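Below: one structure, written as structure tokens.
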Amino acid sequence: MKLRTTVSAVALAIGLMSSAMPAWADFWSDAAKDLKGTTIRGVTESTPPSNYVKDVLAPAFTKATGIKVEFETTSWDQMFDKEIKDMEAKTGLYDVVYIEQDIIYSYLARGFLVDLTKSMADNAKLKAPEFDPANFTTFIDYFKDPTKGNDLFAVPMESFIKTYLYRKDLFGDAEVQKAFKAKYGYDLAPPKDHKQYTDIAEFFTQWGKSHDMQLWGSTVQAHTGHPASWYEFVESVEPTFGVYNWGINAQKNYAASVKNGGSMNGPQAVAALTWFLNNLKYAPPESTQSTWDEIAATFAAGRAAQGLVYGENAAWIATNDSKSKVVGKVGVALPPLEPGVLEDAESGKGYIGYFDGGAFAIPTSSKNKEAALLFLEFIGQPSVQADWAVAGSRITLKSTYDDPKVKAQDEKTDHYYTLMKEKGKLFAGAPTYPFHAQVREAVAPIFYRAITGELTPQQALDKMADAAEAELTQLGYRK
């Protein structure tokens, strides 16, 4: 997730400020007249969308308001460590923090975040006319608190699907197609199910060996000491086998084990983990040290024929020839699915993969809440979205899909944006668990032991289910 966008920040900033400043001048300068000279500090993960904020939007905001912005972009691990420690200690070091969709419910439960709906209502002079939560896609709903009248607590700054990428040049090669059909008996195309995916992975791994190529059949986000591997499994792999919400059944006393009404160690979960681990046979050697960063880098380097890749990387992998060796060769499609999963997603019973993203929020410990509120509204304007979407493969406002710049980029990315617009409803964010981090920390170390081969899939999932239920009992969710 963290590779820096290579779009020229200076060029974009100049274009952005020169084209949009006349529309901004009145409101932004007036609203910030008592705040000029203030410095707000933020922390976020180093991703293409976040780097665009740091390099382009923050300077534009300073130009419009006189409020300085210092953004710290760092690793996922360091980001959460820094912001949580700051909010727990109430030191007020940060005025803007990145909140991933899957963790906000923990933050809300602990009272870490400012109620933005209330703040805008209480400070009418700070309410920007171009900022309207109704303009956002439904992804914004993840950042509302249903216990507070669905008040908004964070402004989405990125959203994207994690979907299937493949090498169109390899899949379209006549010699490859002939050899594949001769071996497997059907035409080479993006896989519809997991068996087809495995066939393709096996084929291209062997093709790479026999043609002296640094090519493998699949990416696998399988780091043996980082939660990225567990996230790939529960958010992107298990749903394609029909296991939803981590296999925890909230209606059955938050059961995880099959014996208590959950599905964390059920047959579909075992099949999912077996498939996930089997793909390591067809993956580059760096896979067991790969997080979301390395997966994107592996695919961009042309080392894998297919894989599940976070959508925020789709644009630069497909278009940026200074970072990617596969420009013009990237195809996108829905992930492989077991029978019935698509129907579950279409009916609302389940989902086919992960709808990822995050938002910026204001900690209650912030010392510059008014200036930070203006900044959040600034990045939520329609006028700043298109270049941001092109740079970071992210869309948070409905109108952005129709922008000419985004449509042009859509053509270059095999219609990734169209896929997200039309099929995004089949994907879902993380379950709304306040205990997200606690359960992750309880089960992820066991999951790593499955990757290293210390535990079989069934053994690992049995232990994970037991650990999850023990943690949920300790936290008071299981009675």
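The values are calculated or read from the model by the stated rules, or taken from the named source; none is laboratory data. No experiment lies behind these values; they were computed from the predicted model shown. Note that we place each Cβ from the backbone using ideal geometry, even for glycine, and neighbour counts take in every protein chain shown. Each accessible area value is taken on the protein alone, full model and side chains, heavy atoms only, with ligands, DNA and RNA left out. Shrake-Rupley method; radii C 1.70, N 1.55, O 1.52, S 1.80 Å.
What are the residues in the range 446-479 that are assigned to a helix (DSSP H, G or I), open to solvent by 20 Å² or more (accessible area, probe 1.4 Å) and either touching a Gly at 6+ places or on another chain (Cβ under 9 Å) or at pLDDT below 95 (or both), if any?
TYR448
Out of the residues in the range 218-263 that are touching a Lys or Arg at 6+ places or on another chain (Cβ under 7 Å) and among the aromatic types (Phe, Trp, Tyr), state the one that is least open to solvent (accessible area, probe 1.4 Å).
Going through the qualifying residues, I end up with TRP230.
What number of residues within the range 208-217 satisfy the criterion of being open to solvent by 10 Å² or more (accessible area, probe 1.4 Å) and in contact (Cβ under 8 Å) with a residue 60 or more places away in the chain?
2
Please verify whether the range 184-192 includes one or more residues that are charged (D, E, K, R), farther than 29 Å from GLU338 by Cβ and either open to solvent by 30 Å² or more (accessible area, probe 1.4 Å) or not in a loop (DSSP other than H, G, I, E, B) (or both).
no
Please work out if ALA300 is modelled with pLDDT of 95 or more, of a type in the set (A, V, I, L, M), more than 23 Å from LYS421 (Cα to Cα) and outside the structural domain of VAL97 (by TED's automatic domain parsing).
Against the criterion (modelled with pLDDT of 95 or more, of a type in the set (A, V, I, L, M), more than 23 Å from LYS421 (Cα to Cα) and outside the structural domain of VAL97 (by TED's automatic domain parsing)), ALA300 qualifies.
Can you name every residue in the range 353-408 that is acidic (Asp, Glu) and modelled with pLDDT under 95?
The answer is ASP356, and nothing else.
Give me the helices (runs of 4 or more DSSP H) completely within the range 330-428, filtered to those with at least 1 residues that are free of Cβ contacts under 8 Å to residues at least 24 places away in the same chain, ordered by residue number.
Those helices (runs of 4 or more DSSP H) span 341-347, 385-392, 404-412, 416-423.
Applying the selection to the range 232-249, what residues are touching a residue at least 24 places away in the same chain (Cβ under 8 Å) and at negative phi?
GLU232, PHE233, GLU235, SER236, VAL237, GLU238, PRO239, THR240, PHE241, VAL243, TYR244, ILE248
Looking for something open to solvent by 10 Å² or more (accessible area, probe 1.4 Å) and aromatic (Phe, Trp, Tyr) - is there at least one such residue anywhere in the range 340-360?
Checking the range 340-360: at least one residue is open to solvent by 10 Å² or more (accessible area, probe 1.4 Å) and aromatic (Phe, Trp, Tyr).
Would you point out which residue out of ALA89, ALA154 is over 30 Å from VAL332 (Cβ atoms) and aliphatic (A, V, I, L, M)?
ALA89
Only one of these conditions is not met by VAL332: (1) surrounded by fewer than 22 Cβ atoms within 10 Å (Cβ to Cβ); (2) in contact with an Asp or Glu (Cβ under 6 Å, 6 or more places away or on another chain); (3) among the aliphatic types (A, V, I, L, M). Which number is it?
(1)
Being in contact with a strand residue (DSSP E or B) (Cβ under 8 Å, 6 or more places away or on another chain) and over 26 Å from GLY111 (Cβ atoms) narrows it down to one of PRO445, PRO382, so name that one.
It is PRO382.
If you check VAL220, VAL176, VAL237, which single one turns out to be part of a loop (DSSP other than H, G, I, E, B) and in the same structural domain as LEU308 (by TED's automatic domain parsing)?
VAL220
Conditions tested, residue by residue: (1) of a type outside the set (Phe, Trp, Tyr); (2) closer than 24 Å to VAL390 by Cβ; (3) in contact with a strand residue (DSSP E or B) (Cβ under 8 Å, 6 or more places away or on another chain); (4) not in a helix (DSSP H, G or I).
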{"residue": "ILE84", "(1), (2), (3), (4)": "yes, no, no, no"}
{"residue": "TYR94", "(1), (2), (3), (4)": "no, no, yes, yes"}
{"residue": "SER106", "(1), (2), (3), (4)": "yes, no, no, no"}
{"residue": "THR117", "(1), (2), (3), (4)": "yes, no, yes, no"}
{"residue": "LYS125", "(1), (2), (3), (4)": "yes, no, no, no"}
{"residue": "PRO129", "(1), (2), (3), (4)": "yes, no, no, yes"}
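Looking at the structure I just gave you, is TYR433 among the hydroxyl-bearing types (Ser, Thr, Tyr) and in a helix (DSSP H, G or I)?
So TYR433 fails the test.
Residues in the range 38-56 that are free of Cβ contacts under 8 Å to residues at least 60 places away in the same chain and β-branched (Val, Ile, Thr): how many?
1
Which of (1) farther than 27 Å from HIS436 by Cα; (2) crowded, with 20+ Cβ neighbours inside 10 Å does PRO285 not meet, given it meets every other one?
(2)
Provide a single number: the residues in the range 41-72 that are open to solvent by less than 30 Å² (accessible area, probe 1.4 Å) and under 19 Å from the mean Cα position of the chain (by Cα).
11
Sort out which residues of the range 28-40 are more than 11 Å from ALA64 (Cβ to Cβ), crowded, with 16+ Cβ neighbours inside 10 Å and of a type outside the set (A, V, I, L, M), and write them in order of number.
Hit for the range 28-40 is THR38, nothing else.
Restricting the search to the range 264-298, which residues are in a loop (DSSP other than H, G, I, E, B), touching a Phe, Trp or Tyr at 6+ places or on another chain (Cβ under 8 Å) and within 22 Å of PHE355 (Cα to Cα)?
MET264, THR291, listed by residue number.
Which of the residues spanning the range 93-111 are crowded, with 16+ Cβ neighbours inside 10 Å and over 22 Å from the mean Cα position of the chain (by Cα)?
Once the filter is applied, which keeps residues that are crowded, with 16+ Cβ neighbours inside 10 Å and over 22 Å from the mean Cα position of the chain (by Cα), the range 93-111 yields LEU93, TYR94, ASP95.
Only one of ILE161, ILE200 is assigned to a strand (DSSP E or B) and of a type in the set (A, V, I, L, M, F, W, C); which?
Exactly one residue qualifies, and that residue is ILE161.
Quick one: would you say LYS148 is under 30 Å from GLY357 (Cβ atoms), free of Cβ contacts under 8 Å to residues at least 12 places away in the same chain, outside the structural domain of ILE317 (by TED's automatic domain parsing) and open to solvent by 30 Å² or more (accessible area, probe 1.4 Å)?
Spelling it out, it is not the case that LYS148 is under 30 Å from GLY357 (Cβ atoms), free of Cβ contacts under 8 Å to residues at least 12 places away in the same chain, outside the structural domain of ILE317 (by TED's automatic domain parsing) and open to solvent by 30 Å² or more (accessible area, probe 1.4 Å).
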